[in-house]
Amino acid sequence: MHTQPHAEGAPNQPPSVHVRAFLTWLVIFPEVTLVNWLLSPSEPLGPIVLRSLIVTLAVIPPAVYLFVPLLLKAWVRIADARTARGRAR
């Protein structure tokens with residue numbers, strides 16, 4: 001991946017996995033809350049927000065710290081195997 005230099009000449013660094021986890025949660029939490037509310041608008045908003053908070057806190061960290069890295073490793077292995085197979089032909 002190519003990075004563009006900052007004005008000071010330092011390369012852009014991708015955010016840490018912790019920042020990515022927080023930003024992911026920051027996007028997903030409101031979406032889950034909205035979908036929960038749209039699916040059951042007669043339910044009080046308080047329980048929907050609490051349920052959304054619990055669900056996103058249970059889903060996002062394992063996804064960012066465990067499942068996505070495992071999936072990316074598998075993706076790289078598959079891509080490397082395809083590249084190696086293509087070179088062998």
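The values are calculated or read from the model by the stated rules, or taken from the named source; none is laboratory data. Not measured: the values here are computed from a predicted model. Note that we place each Cβ from the backbone using ideal geometry, even for glycine, and neighbour counts take in every protein chain shown.
Cβ-Cβ contacts under 7 Å between residues 6 or more apart (or on different chains), taken from a first residue in the stretch 43-66 that is over 16 Å from residue 30 (Cα atoms) and at pLDDT below 95 to a second residue that is basic (Lys, Arg) and surrounded by 14 or more Cβ atoms within 10 Å (Cβ to Cβ), are listed as 64/20.
Select from the stretch 41-74 the residues that are among the hydroxyl-bearing types (Ser, Thr, Tyr), loosely packed, with under 10 Cβ neighbours inside 10 Å and either part of a helix (DSSP H, G or I) or in contact with a helix residue (DSSP H, G or I) (Cβ under 9 Å, 6 or more places away or on another chain) (or both) and list them in ascending order.
Filtering the stretch 41-74 for residues among the hydroxyl-bearing types (Ser, Thr, Tyr) gives 42, 52, 56, 65.
Retained after the next criterion (residues that are loosely packed, with under 10 Cβ neighbours inside 10 Å): 42.
Residues satisfying the conditions do not exist here.
For residues that are of a type in the set (Gly, Ala, Ser) and more than 11 Å from the chain's Cα centre (by Cα), scanning just the stretch 13-54, find the one that is farthest from residue 69 (Cα to Cα). Break it down stepwise before answering.
Taking the stretch 13-54 and keeping what is of a type in the set (Gly, Ala, Ser), we get 16, 21, 40, 42, 46, 52.
If we keep only those that are more than 11 Å from the chain's Cα centre (by Cα) too, we end up with 16, 40, 42, 46, 52.
Details: 16: 13, 40: 34, 42: 39, 46: 34, 52: 24 Å.
Among them, the one singled out is 42.
If you go through the stretch 33-89 and keep only what is over 18 Å from residue 20 (Cα atoms) and charged (D, E, K, R), you end up with 43, 51, 77, 80, 82, 85, 87, 89.
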